[in-house]
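Enquirer: Structure provided below as structure tokens; questions to follow.
Rule-based calculations on the coordinates, nothing more; no lab input. Being a predicted model, the structure only gives us computed values, none of them experimental. FYI the Cβ positions are ideal-geometry reconstructions off the backbone, even for glycines, and counts take in every protein chain you see.
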Amino acid sequence: MEVQKEGFLQKYDLYGCFQCGKCTGGCPVSLKSKLNIRKLMIEALLRDNLGNVVQREELWDCTTCKTCTLRCPRGLEPMDLLIGMRTLLVEEGHIPKTAIEALESTYKYGNPWGAAKNKRSEWANELGLKVLPQGDQASNLYFVCCTAAYDTRVQNVARSLVQCLRQIGYDFAILGNDETCCGSEIRRMGEEGLFEMLMDQNIESFNKYDFRSIVTTSPHCYNTIKNDYAQDGLDVRHYTQVLAEAVEEKNPFSGEVRKVITYHDPCFLGKQNGIFDEPRYILQSIAGVTFIDFDRSREKSLCCEGGGGRMWVEATDQGPRLAEIRVQDAVEMGAEILATACPFCLLTLEDAVKTTGNEERLRVMDISEILVEAL
Amino acid sequence: MEIIVCIKRVPETADADIVIDRTGRDIEKGGLVFDINEWDNYAVEEAILLKEKYGGSVTVISMGPEEVNETLRRALAMGADQAIRLTDPAFEGSDGYTIARVLSQAIKPLSYDLILTGVQTEDDGYGQVGPTLAEILGIRHAAVVNQIEGIESGRTRVHRELEGGLEEILDLELPAVLTIQTGINEPRYVSIMGIRKVAKKEIKVLGLRELAMKPEEAGEPGSLTVVEMVSFPPVGEGAQILEGTMDEISDKVVTILKEKGGVA
């Protein structure tokens, strides 16, 4: 593979790297994977043939949690370099088969889960939601996300969130089957062209209707609409922001949940967008809840390994899954519920509860589901 | 090494709700998603791999309306060099035999060492086009090929997948038609950027006249088989649709499996 190196050097400002190692020092997967982002930075700079540098299967171990970029004292963007390397592989076409399936499904059906486009809003059947393309009007748009729309476990999060939003009197509608993948994971798997296509489709949908803001289930959709689309006048909020605000004003969730709860910060919500307080505020406002925090929380939070396309690509490393470490920590702390606010975190953590045999001790729940129990 | 690959654009029906159309002879294709026939995707990849190994060029040929250009472009983005689309109102309703006949007319003037097709298509599934094409062209063929060992001095050694897990190894003189089985390789991903790069590449379009064919030789009049009707298979006995939440359904499955002796 021949790659024009000069453009690469400038795009990622590789001359700026002084190899301090803070990136690798914070990388949650470098402990167990061959992936070494600091090494990639220097090799991309010094090696003549970039094509050889990117031929490593551990490039797919990265979860794009962004810790490396956030820690870089020179303000460089190692995560984007890694995604750029994946882009080279994508354009050459030689990428993991499961990634190909997710990308092709997104191109054909508008979701990476291989599910039919006309079944996207089936989760909402009988909920009587307003649907913008059907002529309904609402002050806000609820952007559901592929995983909440299709995954039978996460559909419960979408339904719970609908109950919560109704409880706070939030006026909203959905795009129904016209909603398409936000492209967050697509971009992070390196399929820039497909991402642009999805972004254009979504922006076109957004522009057709009159609403004030977009509320998302997933921090990944939230992040990509806010920071990747970066459209002026497009106000996007994660649902924990909307609910926290309503709870602060006048808490309509008056029921009790007598449980010890801890909260796992999704990287795309916490680290990447600084939303640490709202989820905790909601949980602590529920009567009966004893809230305890992880030692590794907020900016230091441990990634669940669900981001960056990793929902569709198995890691090359043999180490324990980080989600399993997370679950063990939660159990040892005495938590009964491990709360989170991200579909991917929910799925990886719930799997980890099963693989570590903690089903009797710990429940993984989305914040919206806990709120429904407090109705 | 000059390689021709015959490909088809087909509707994806695995997860779709299928409705029989008003003629009763086909299904409604309006709401369906189309893509390259799965077997053909492996055939294109195999052709590109052979080109990367032995040099030469790859030409992809498909039959159908303008939408087929999308499928041809996908193959160009994978690495094919030329694309030809065969289209004519008279081709409508062609069966496997007639398709092979139309293809053969397009292929005859070209120079080629190998012709690859998929074993069968996802839509009609006749599996006839490849072998029929070889017969019409008067060249050798091997069907259900799951490995091409190599090409040397005008011959190729290929593995064929037979019934019951058997494998046959054939030594063929070129030119030949090989119908390619899925799993022979891992087809590469075709990126949107890749497709954009070939957006302007010419796709040669040929109709009945350019192929020197008469209307009665194509479409239904030229076909040896005619579809009279399509129908859903009758619902078999013993099938049970379980309803309820995921947990309830899995409990029911376990109960049934235990009852029927599937699990201890």
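Enquirer: Set Lys and Arg Cβ to +1 and Asp and Glu Cβ to -1, take the dipole of the range A:97-243 about its Cα centre, and tell me which of A:Leu243, A:His220, A:Ala115 lies farthest positive.
Expert: In the range A:97-243, that residue is A:Leu243.
Enquirer: Using each residue's phi in the range B:240-246, evaluate 6.51 cos²θ - 1.76 cosθ + 1.60 at θ = phi - 60° and report the 3J(HN,Hα) Karplus result to the nearest Hz, with x for Gly and Pro.
Expert: After applying 6.51 cos²θ - 1.76 cosθ + 1.60, I find 9, 9, 8, 10, x, 6, 3 Hz.
Enquirer: In debye, nearest 20, what is the charge dipole magnitude of the range B:2-222 about its Cα centre with +1 on Lys and Arg Cβ and -1 on Asp and Glu Cβ, if you could check?
Expert: 960
Enquirer: Which net charge results when you count Lys and Arg as +1 and Asp and Glu as -1 among the other residues whose beta-carbon is under 13 Å from that of A:Glu314?
Expert: Around A:Glu314, the charge tally is -4.
Enquirer: Within 10 Å of each residue's Cβ, count the other Cβ atoms and sort A:Met189, A:Met333, B:Met229, A:Met365 from fewest upward.
Expert: Starting with the residue having the fewest Cβ neighbours, the order is B:Met229, A:Met333, A:Met365, A:Met189.
Enquirer: Ok, one more. Calculate for chain A the 222 nm mean residue ellipticity that helices alone would give, adding -39,500 (n - 2.57) per DSSP H run of length 4 or more and normalising by residue count, nearest 500 deg cm²/dmol.
Expert: -12000 deg cm²/dmol
Enquirer: If you build a Gaussian network model of chain A, linking Cα atoms that sit under 10 Å apart, which residue out of A:Arg310, A:Arg258, A:Arg321 swings the most?
Expert: Largest GNM mean-square fluctuation: A:Arg258.
Enquirer: Using Cα pairs under 8 angstrom and six or more residues apart, how large is the relative contact order of chain A, in percent?
Expert: Relative contact order here is 17 percent.
Enquirer: Give me the percent relative contact order of the range A:84-214, please, defined on Cα pairs under 8 angstrom at least 6 residues apart.
Expert: Averaging sequence separation for qualifying contacts and normalising by length gives 30 percent for the range A:84-214.
Enquirer: When the dipole is taken about the Cα centre of the protein assembly as shown, and only Lys, Arg (+1) and Asp, Glu (-1) are charged at their Cβ, what size is it in debye, to the nearest 20?
Expert: With Lys and Arg at +1 and Asp and Glu at -1, about 1760 debye.
Enquirer: Please grab the % of Cα pairs in the range A:252-373 that end up more than 21 Å from each other.
Expert: 34
Enquirer: Hey, another quick one. Per the Debye formula with a single identical scatterer at each Cα and no solvent contribution, what log10 I(q)/I(0) holds for the range B:14-54 at q = 0.22, 0.23, 0.25, 0.27 Å⁻¹?
Expert: Values returned for q = 0.22, 0.23, 0.25, 0.27 Å⁻¹ are -0.77, -0.80, -0.86, -0.92.
Enquirer: Could you give the size of the charge dipole of the range A:1-78 about its Cα centre, using +1 on the Cβ of each K and R and -1 on the Cβ of each D and E, expressed in debye and rounded to the nearest 20?
Expert: For this selection, approximately 360 debye.
Enquirer: Looking at chain A as a GNM with Cα springs under 10 Å, which of A:Leu76, A:Leu103, A:Leu129 has the largest mean-square fluctuation?
Expert: Its mean-square fluctuation being the largest, the pick is A:Leu129.
Enquirer: Where the eigenvalues come from the Cα gyration tensor of the range B:125-210, what are the semi-axes √(5λ) of the equivalent ellipsoid, largest first, in whole Å?
Expert: Over the Cα atoms of the range B:125-210, the semi-axes work out to 28, 20, 14 Å.
Enquirer: If you don't mind, another one. Roughly what % of DSSP beta bridges within chain B run antiparallel, to the nearest 5?
Expert: Antiparallel bridges make up about 40 percent of those DSSP assigns within chain B.
Enquirer: Enter the per residue convex hull volume of the range B:2-222, computed from alpha-carbon coordinates, in Å³ rounded to the nearest integer.
Expert: About 135 Å³ per residue, rounded to a whole number.
Enquirer: Between A:Glu299 and A:Glu248, how many nm apart are label points set 7 Å from Cα along the C-beta direction?
Expert: 2.1
Enquirer: Something else now. Enter the Cα centre distance for the pair the range A:185-213 and the range A:278-344, rounded to the nearest angstrom.
Expert: 28
Enquirer: Still on this structure, I have one more. How far apart, in nanometres, would the label points at A:Gln134 and B:Asp251 be if each is projected 7 angstrom from Cα along the Cα-to-Cβ direction?
Expert: For A:Gln134 paired with B:Asp251, the spin-label model returns 3.2 nm.
Enquirer: Would you work out the relative contact order for chain B, in percent, from Cα pairs under 8 angstrom that are 6 or more residues apart?
Expert: RCO, chain B: 23 percent.
Enquirer: Please list, or write none, the lysines whose alpha carbon is within less than 17 Å of the alpha carbon of A:Lys5, excluding same-chain residues fewer than 8 places away.
Expert: Those lysines meeting the cut-off are A:Lys39.
Enquirer: Across bins of 10 angstrom width beginning at 0, how are the C-alpha pair distances of the protein assembly as shown distributed, in whole percent?
Expert: 3, 14, 21, 22, 19, 13, 6, 1, 0
Enquirer: Still on this structure, please answer the following. One quarter of the convex hull surface, Cα atoms only: what value does that give for the range A:93-187 in nm²?
Expert: 6.6
Enquirer: Using Cα springs under 10 Å in a Gaussian network model of chain A, which residue among A:Lys250, A:Lys130, A:Lys259 shows the largest mean-square fluctuation?
Expert: A:Lys250
Enquirer: Please compute the volume of the convex hull spanned by the alpha-carbon atoms of chain A and report it per residue in Å³.
Expert: 133
Enquirer: Further question on the same structure: May I ask for the Rg/Rh ratio of the range A:5-92, computed from Cα atoms with Rh as the Kirkwood radius, given to two decimals?
Expert: Using Cα coordinates only, the ratio equals 0.92.
Enquirer: Hey, how many Å between the Cα centroid of the range B:1-26 and the Cα centroid of the range B:160-204?
Expert: 18
Enquirer: Run through the range B:12-57 and list the trypsin sites (Lys or Arg not before Pro) located in a DSSP loop whose Cβ has at most 13 other Cβ atoms within 10 Å.
Expert: Hits after loop and neighbour filter: B:Arg22, B:Arg25.
Enquirer: Among B:Glu168, A:Glu92, which comes first, then next, by fewest other beta-carbon atoms within 10 Å?
Expert: Ascending Cβ contact count within 10 Å gives the list B:Glu168, A:Glu92.
Enquirer: Return the subset of A:Lys108/B:Lys51; A:Lys130/A:Lys208; B:Lys108/B:Lys200; A:Lys354/B:Lys252; A:Lys354/B:Lys258 for which the Cα-Cα distance in this structure is over 25 Å, preserving the input order.
Expert: Result: A:Lys108/B:Lys51; B:Lys108/B:Lys200 exceed 25 Å.
Enquirer: Follow-up question, since we're still on this one. If you bin every alpha carbon distance in the range A:264-331 into 10 Å steps from zero, what whole percent lands in each bin?
Expert: 18, 44, 30, 7, 0
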